[in-house]
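For reference, the structure discussed in these notes is given below.
Coordinate-derived values only; no laboratory data. Since the model is a prediction, treat every value here as computed from it, not as a measurement. Please note: Cβ atoms are built from the backbone with ideal geometry, for glycine as well, and neighbour counts cover all protein chains shown.
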Amino acid sequence: DVFKGQGFVGTLDSVTAGAEDLDGLIQSFSQGLIDALDQGGEVHRLWYDIRSQAMFDTVFQDVVTEIEQALIDLVGRLLARIAALSGERPGISEMDAFLLMDNQFRFHLQRKLAGDVMAVENFRMSVNNIFDTYVLNNRVV
């Protein structure tokens, strides 16, 4: 499966579980997202197409719901790992964190596929900003 197991979610899960400190976790997870955007654009373009088609064709709805839930759960595990490593709970819900990351990913993927040579670097800055602003600097003890 492209998105779960050994695919996108599985890869990011292994990074999350294997991190020994907070900085390593954030850096590894961020790099995983950046690599997926940079090297897996065609697969992720297909995902966004299928997700859009699910609004029009019920045949896609179950699989889209399943994959989206796997992605939301992935972000939930990331936030739990951040809490475990830092001793503080991030002050953002898993849904809000997912939506921030997903929208940034989709936007920058679209830019990259359109030939924007700065899309990957701009995505890197956006991911760093999401972690700095919404996840790390807004924690609850």
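If you scan segment 51-82, which residues turn out to be more than 12 Å from the chain's Cα centre (by Cα) and touching a residue at least 40 places away in the same chain (Cβ under 8 Å)? Passing the criteria: 67, 81, 82. Return yes or no: is residue 135 farther than 19 Å from residue 49 by Cβ and surrounded by 18 or more Cβ atoms within 10 Å (Cβ to Cβ)? In short, yes.
Looking at the structure I just gave you, is residue 35 within 12 Å of the chain's Cα centre (by Cα) and within 26 Å of residue 111 (Cα to Cα)? So residue 35 passes the test. Remark: pairs (first residue in segment 113-127, of a type in the set (D, E, K, R); second residue surrounded by 13 or more Cβ atoms within 10 Å (Cβ to Cβ); Cβ separation under 7 Å; 6+ apart in sequence or on different chains) = 124/34. Residue 18 meets each of the listed conditions (1) more than 15 Å from the chain's Cα centre (by Cα); (2) surrounded by 12 or more Cβ atoms within 10 Å (Cβ to Cβ) apart from (2).
Looking at segment 89-101, is at least one residue touching a Lys or Arg at 6+ places or on another chain (Cβ under 7 Å) and not small (Gly, Ala, Ser)? Looking through segment 89-101, at least one residue is touching a Lys or Arg at 6+ places or on another chain (Cβ under 7 Å) and not small (Gly, Ala, Ser).
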